[in-house]
1. Mind checking which residues of region 106-157 are touching a Ser or Thr at 6+ places or on another chain (Cβ under 7 Å), closer than 30 Å to residue 421 by Cα and open to solvent by 20 Å² or more (accessible area, probe 1.4 Å)?
2. Out of 115, 126, report the one residue that is in contact with a strand residue (DSSP E or B) (Cβ under 6 Å, 6 or more places away or on another chain) and under 24 Å from residue 64 (Cβ atoms).
3. Only one of 317, 247 is in a loop (DSSP other than H, G, I, E, B) and modelled with pLDDT under 95; which?
4. How about region 415-520: which strands (runs of 3 or more DSSP E) wholly inside it have at least 2 residues that are closer than 24 Å to residue 121 by Cα, of a type in the set (Phe, Trp, Tyr) and touching a residue at least 40 places away in the same chain (Cβ under 8 Å)?
5. If I go through region 52-94 residue by residue, how many of them are part of a loop (DSSP other than H, G, I, E, B) and at pLDDT 95 or above?
6. Which helices (runs of 4 or more DSSP H) sit wholly inside region 124-240 and have at least 2 residues that are at pLDDT 95 or above and closer than 18 Å to residue 276 by Cβ?
7. Only one of (1) aliphatic (A, V, I, L, M); (2) under 16 Å from residue 445 (Cα atoms); (3) open to solvent by 10 Å² or more (accessible area, probe 1.4 Å) fails for residue 502. Which number is that?
8. Would you be able to say whether some residue in region 231-254 is in contact with a strand residue (DSSP E or B) (Cβ under 7 Å, 6 or more places away or on another chain), open to solvent by 60 Å² or more (accessible area, probe 1.4 Å) and among the aliphatic types (A, V, I, L, M)?
Amino acid sequence: MKDERLNDEHVNDERVNDEREQAPTQQDPARRAWSATAPAGGVAGAAALAPAVSTVLAALAAGAERRGGPVPAGTPEELAADVGRALAADGDDPLRELTALLAYGSADPADPACAAHLHCPPLAVAVAADLAVSALNPSLDSWDQAPAATELETLLLRELAALVGYPGGAAGVVTSGGTESNLMGLMLARDQVLGRVSGRPVQLGGVPAGGPRPRIFASAAAHFSVRRSAALLGLGEDAVVSVPVDRNLRMDPDALAGALRACAGRGELPVAVVATAGTTDTGAIDPLERCAALAAEHGAWLHVDAAYGGGALLSDRLAPLVAGIELADSVSLDWHKLGWQPVAAGVFLVRREETYESLARRAAYLNPADDEEAGYPSLLGRSLRTTRRADAFKIAVTLRALGRAGLGRLVDACHDLARAGAAAVRAHPRLELHADPVLTAFLFRYVPADPAAADLVNARLRRRLLRAGRAVVGRTELPGDGPGRVRLKLTLLNPHTTADQVERLLHAVAAAGQAEEDAL
């Protein structure tokens, strides 16, 4: 048997050497078609991948240099024409040409003037780790497609559950982001609470007809995916009760208490309270401990959407802001926000593993019972997806490379930037700050001479900056009705940006506002 194994290895070595000798070079267009069909995995995969990666890196640099700023200058129609021409062209090296176009035509979150959204510049170490996953292509729907990745995700989630403050017995899954995580949290809330009241599994019979009307409570500033999830789960968007917020867009706990009492008085069923830890506009964090107490009092599931604010758990300075998150029945985290990961890197956690029961599924070709009994674990019953990428790997590599303390320093640097930016707004005679930043974002606006023109000018100045390729600034609207609600937003997720660069960005905003005001 040993001799046979040695002979097999000798044959394989010869095959690998042959493949390496045949590996094409970038300078050989005639053989490039062969390289396009070479697999990225296997022993010879790295050799086949290396020239392609070199091409991509050079094209990324060329595209960024051509762009020369945070976003390509021009109109959407002009960029669409560029893309159409590139796709129709019969070039020598489509990988190089299209990558350069993508880099030119992207909003670059690494640029200090690209600060509109929860859109982070991923760390190089995380991107490199992501390349390894792309090359190996493990799929987490069965152990035999992802042996190491299955165990790695399990251990990573155990570590993240401890970071949240969950006791032993927690469980979870890596998701595509907060939207999927919020859907899962509300699905389990529906199954647990409605199942308990009706006495039968909701996942089998559906939402009971004729029973008390299910209700979900979320703040007026909660993510739109809460309503979308209610629709997908058969509860309907109208099942979501919008709870008033204060000026900082933080849920009013007294209003939540009153809404829950009114719900019970009408004979309705409180299914879930969704507390937000880090709203997309201001980073506001709802009173988590009070929300937990009220949910428990009314027998409702508490889901905490910490897709943004979960990054505070990495910082000794900011972690106290999310005190009470450990009381939630489920939690959503996104490490492609304040975790500097390439999309996607969402995490969904539940306090008690047994609440996952309604998601359990058996597929004979993926997780037969006798395989699991023999020690081959399956994560199929943890996710809404079947084929699932090993996105846990890049998170694990980053945590090992930087540790909580290293990532916490990045969080603190962005928090410092936001505070410096808010101070610069306060000091500018034509800019008005809405509220001090909680995390790394803040709202403000340009104040024209005519207050009636404020919404129009602020909306237009943002598009002026985009057309010029000078800045990507966010835009939102405060809750309520009528004019005067439009606000601009900076979301600062680049820890390498300086306070001076943020101040220059704000001066560019003011100059664009003056130009729009003059054009009226």
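The values are calculated or read from the model by the stated rules, or taken from the named source; none is laboratory data. Just so you know, these numbers come straight off a predicted model, no measurement behind them. Heads up, the Cβs are rebuilt from the backbone with ideal geometry, glycines too, and the neighbour counts pull from every protein chain shown. Heads up: the accessible areas ignore ligands, DNA and RNA and are worked out on the full protein's heavy atoms, side chains in. Shrake-Rupley method; radii C 1.70, N 1.55, O 1.52, S 1.80 Å.
1. 112, 117, 118, 123, 125
2. 115
3. After applying the criteria, what remains is 247.
4. Filter on region 415-520 gives 441-446.
5. Of the residues in that region, 8 qualify.
6. Helices (runs of 4 or more DSSP H) meeting the threshold: 178-189, 225-232.
7. The number of the failed condition is (3).
8. There is no residue in region 231-254 that is in contact with a strand residue (DSSP E or B) (Cβ under 7 Å, 6 or more places away or on another chain), open to solvent by 60 Å² or more (accessible area, probe 1.4 Å) and among the aliphatic types (A, V, I, L, M).
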